[in-house]
Amino acid sequence: MDEEATRHAMLVFGLSLLVGPAIGGLAGWLRNLFWGVGVGALLIGCAGLYAAATIGWHRYQSIAGTASVQGSLVEFVEERSKDSNGRTTVSRAPIVEYTAADGQKRRVKGLGGGLSDKEWGDPVEVRYSLADPAQALVADFQNMWGAVWGLGLFGLFPMMFGLFFTGMAIKEGRPHGRAAPPQRTATPGQQRWRSRGTVLANLVFVGGFAVCFLYPDERLGRALGAGFMTIGTGALLHFIVQSLPPAMEFEFRSILAIVGLGFLAFGYGAWMMF
């Protein structure tokens, strides 16, 4: 239902993959490597987040003019595609039948990931346009918000790395004549809290890997999603612990934040899609 908005967003993001490295390379040539990587990544990240926000806003608006109805899975159709190397891949797309308010039965094709565990006749929620009941989509996370999540990831990671390298560039550009501030020594109470927090964060972080294999769900996506979100939580706990006074240098702490947010975002998408 949002084909025009999707094309516009993908065009902006695609151009950023060309413009970002070009401007980043120029910045790196004029200043230094940190500026080059930071500027280039920030441009790509901003474009990715803009594309995700654009598609998300149009999807939200289009959903406001739809009605929900319970359809049923009637079949899976095979779709073949070729990659750049000429290799053929086969995927299964679900066909869902629904009945709109006008009483007419229609069918809509969805994406297969979120419905891969369903069988013929299983109920599937569908949203159709009130203005044109033939315009419909399968109302699961993958079909409704999968593009927003994917572009959000492509925007979030470059944005975080861009901020990291830009911060490093700014720090490198500061005058080095001033003496470094004296290192504060942690008090016994601070050391005790930091040790406890580190143990907790390590347990959560390592537990995430166990969840990937031990989670009682036959669907691999759910297991990976739960495990990745647990790993991300552990990394963010490490970020919080290392931010306690006297805090670790922000450059090193920010790596923990990037890892944590990245794992959380990827894990949430995997959990919702499969």
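Quick look at the numbers
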| quantity | calculated |
| --- | --- |
| Selection count where residues are within 20 Å of the chain's Cα centre (by Cα), surrounded by fewer than 16 Cβ atoms within 10 Å (Cβ to Cβ) and aliphatic (A, V, I, L, M), scope the stretch 35-68 | 1 |
| Residue within the stretch 84-100 that is under 30 Å from GLY20 (Cβ atoms), touching a Lys or Arg at 6+ places or on another chain (Cβ under 8 Å) and modelled with pLDDT under 90 present | yes |
| When residues of the stretch 5-34 are limited to those that are open to solvent by 80 Å² or more (accessible area, probe 1.4 Å) and free of Cβ contacts under 8 Å to residues at least 24 places away in the same chain, the one nearest to ARG59 (Cα to Cα) | ARG7 |
| Residue among LEU111, LEU130 that alone is open to solvent by 60 Å² or more (accessible area, probe 1.4 Å), hydrophobic (A, V, I, L, M, F, W, C), touching a helix residue (DSSP H, G or I) at 6+ places or on another chain (Cβ under 9 Å) and more than 30 Å from LEU42 (Cβ to Cβ) | LEU111 |
| When residues of the stretch 264-274 are limited to those that are of a type in the set (A, V, I, L, M, F, W, C) and in contact with a Ser or Thr (Cβ under 8 Å, 6 or more places away or on another chain), the one most open to solvent (accessible area, probe 1.4 Å) | PHE274 |
| Of the criteria (1) in contact with a strand residue (DSSP E or B) (Cβ under 7 Å, 6 or more places away or on another chain); (2) over 23 Å from THR54 (Cα atoms), which one GLN104 fails | (1) |
| Some residue of the stretch 49-58 being aromatic (Phe, Trp, Tyr) and touching an Asp or Glu at 6+ places or on another chain (Cβ under 8 Å) | no |
| Hits in the stretch 115-127 (condition: in contact with a helix residue (DSSP H, G or I) (Cβ under 9 Å, 6 or more places away or on another chain) and crowded, with 20+ Cβ neighbours inside 10 Å) | LEU115, VAL124, ARG127 |
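Table: residues versus (1) out of contact with any strand residue (DSSP E or B) (no Cβ under 6 Å at 6 or more places or on another chain); (2) part of a loop (DSSP other than H, G, I, E, B); (3) open to solvent by less than 40 Å² (accessible area, probe 1.4 Å).
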residue	(1), (2), (3)
LEU200	yes, no, no
LEU203	yes, no, no
ALA223	yes, no, yes
ILE231	yes, no, yes
GLY234	yes, no, yes
ILE240	yes, no, no
PRO246	yes, yes, yes
ILE255	yes, no, no
GLY262	yes, no, yes
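The values are calculated or read from the model by the stated rules, or taken from the named source; none is laboratory data. Because the structure is predicted, anything quoted here is derived from the model rather than measured. With ideal geometry, Cβ positions are generated from the backbone for all residues, glycine too; neighbour counts draw on all protein chains shown. Please note that ligands, DNA and RNA were not included when accessible areas were found on the heavy atoms of the full protein model with its side chains. Shrake-Rupley method; radii C 1.70, N 1.55, O 1.52, S 1.80 Å.
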